[in-house]
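Have a look at the structure below, then the notes.
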Amino acid sequence: MDSESLPDQIARTMDSVTERKQMYDQGRKFMPINELERLIRANRKEVEKLCGIDHENPDSLNDIIRILAILASRDLLKEKTYQTVRRIGISDCHLPLVYDKSRSSFMSDIRVADAGQPRDIQEFESFLSGLANCIEFTELQYRFCIPTFGNAEFTQLHSNSILPIYHLGKKTEVGSFGMVDQVQVHHAHLKLDRPVTKENNPKLALKQLLSDSEAEFDREREALSKIQKLCHDHLITLIASFKRGREFFFLFPWAEGGNLRQLWNKNWSPTREQTEWALGQMLGLAEAIQHLHLPTNNLDLTENGRHGDLRPENILAFHDKKAHGSVAVLKLRIADVGLAKFHQKITSERTAGTTTTGGSMEYAPPESLLEGEEVKRSRKYDMWSLGCIFLEFIVWVVEGPEGLAEFREERAKKKTSNQTYSEYEPYYRGRWNNKGYEVHPKVRVRLSSIRKSPKSSKELRALADIIEMGLLVVDEEKRFSAKQLMDMLKRAGLGTMENEEDNVRSELHKMEEPEKGKKVSRWRLRCLQIISSPSSSRNY
């Protein structure tokens, strides 16, 4: 092995890195930076001799290690290589170099703002000794100029760049916006908040946008960047974003538990612990939306946001290292912010209408059907969607997967002759022009059955009241804000509202009176109080 030449060692190492693995860029070999550094260290004396280096500065090669490796892979290291590279002023930060065949000259495709152009790149062309070697250098360089991803950073790559990414599973389509792969990034090219090794290299989700629209990519990237500043445990974590030519990508942690819809399809044995877990997750999701809507806790983020496409498929389940139990090991996080929007002004103060399309119609509120330049979509849009999700959540807790499937099937649209999938009616019925929208009758029936079920805890019954009276409210001005919802959920989760009913009854003269002889829960009374209060957030 000691007699093996440096070019042969480089070729063998690249083969070993990519063999028996399904590369994202099929058939394209690459040299990981850790292996490259190892080879240069092991062959340092040979490299220094070939390059004509006459001093022993241990850091003398660090900034040109890729250039030397590219040359070494084709046995092009020659006397005075080091001095020539230094005199030209070229280093790894100038890579990749682009060779213009028509002009027979190099130019640097610089990605480092302060790198500057090399002083005399024409001398480098002469050094490579001819057109063939120049073209070969530009083709080989992508095997050694491998990007590193992490820290939620954005990277712009040349269209020929090789991704240090391995396939681990099949592609899964996400709506009409992107495809998601289960992948691993080579451990030497991944930066996390902990050291990454070959042994503890995590599975990741690689999302590639189906559209080649840079504007769509920039919008989602900007929304994700702002969400990272919120630092909330129930919002998705971005690992990296990058552009390669006209391809656009995002890297996220892999959701081991799938999405919320998939979780709901699994067998369910309700226990007190699991019910508490479900309530805790709903509280966490509501708090995440509150942080998104009103990021007052973050001095770097002055805009209020809106998700715009909340649905079970966009809520992912991750392993929670702090928890124990079965389902209770999972933590839910809101993801897929492709339709998210941030504004500096509240809805009533904005002069322009919304420019963002609506999300899933099944979980969208009645006002989603409004169109026109004057239409301004408020954050109350998300509150209706959250109400739909929470109702399905408590149906699953109380009645299991079968009960939830039955509830959805009650709202299923009739299939056409050639339709292979089901579509579901939204949580409302009616026509906007006639101002005749109402909550879907099947929704009201299910809410009533939840309240009456002996399997429902007092917290779940309270939550059913909150959903009906505060979230699934057709008039968006009377719909709860995230802050109001959080107030109610905290009360419901604690289960302590001593004397609350008496306090609220004193306000009933301002509101609709309950039917004579009908018992009104303290939660319904509290909801009535909030939505009827003059301080209710109507400009939300």
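The values are calculated or read from the model by the stated rules, or taken from the named source; none is laboratory data. The shown structure was predicted, so the numbers you read here are calculated from the model rather than taken from an experiment. Positions of Cβ are generated from backbone atoms using ideal geometry, with glycine treated the same way; all protein chains shown enter the neighbour counts. These accessible areas exclude ligands, DNA and RNA; they are computed on the full protein's heavy atoms, side chains included. Shrake-Rupley method; radii C 1.70, N 1.55, O 1.52, S 1.80 Å.
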Using a 7 Å offset from Cα along Cα-Cβ at E425, what residues in region 375-412 end up with backbone N under 13 Å from the label point? 408-412
The answer for trypsin sites (Lys or Arg not before Pro) in region 163-263 that fall in a DSSP coil and have at most 15 neighbouring Cβ atoms within 10 Å is K170, K171, K198, K203, R246
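How much accessible area per residue does region 132-184 have, in Å², with a 1.4 Å probe?
42 Å²
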Hz values of 3J(HN,Hα) by residue in region 441-452 - Karplus curve (6.51, -1.76, 1.60), Gly and Pro given as x: x, 5, 5, 5, 4, 5, 4, 5, 5, 5, 5, 8
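Pull out the extension gain between T271 and L210, defined as 0.36 nm times the separation in residues minus the alpha carbon to alpha carbon distance; nm, one decimal. Walk me through the intermediate numbers first.
Numbers: separation 61, 0.36 × 61 = 21.96 nm, distance 4.19 nm.
Residue separation times 0.36 nm, minus the Cα-Cα distance, leaves 17.8 nm.
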With a 26 Å threshold on alpha-carbon distance, the violating pairs from K380/K455; K226/K483; K414/K452; K29/K229; K414/K458 are K380/K455; K414/K452; K29/K229; K414/K458
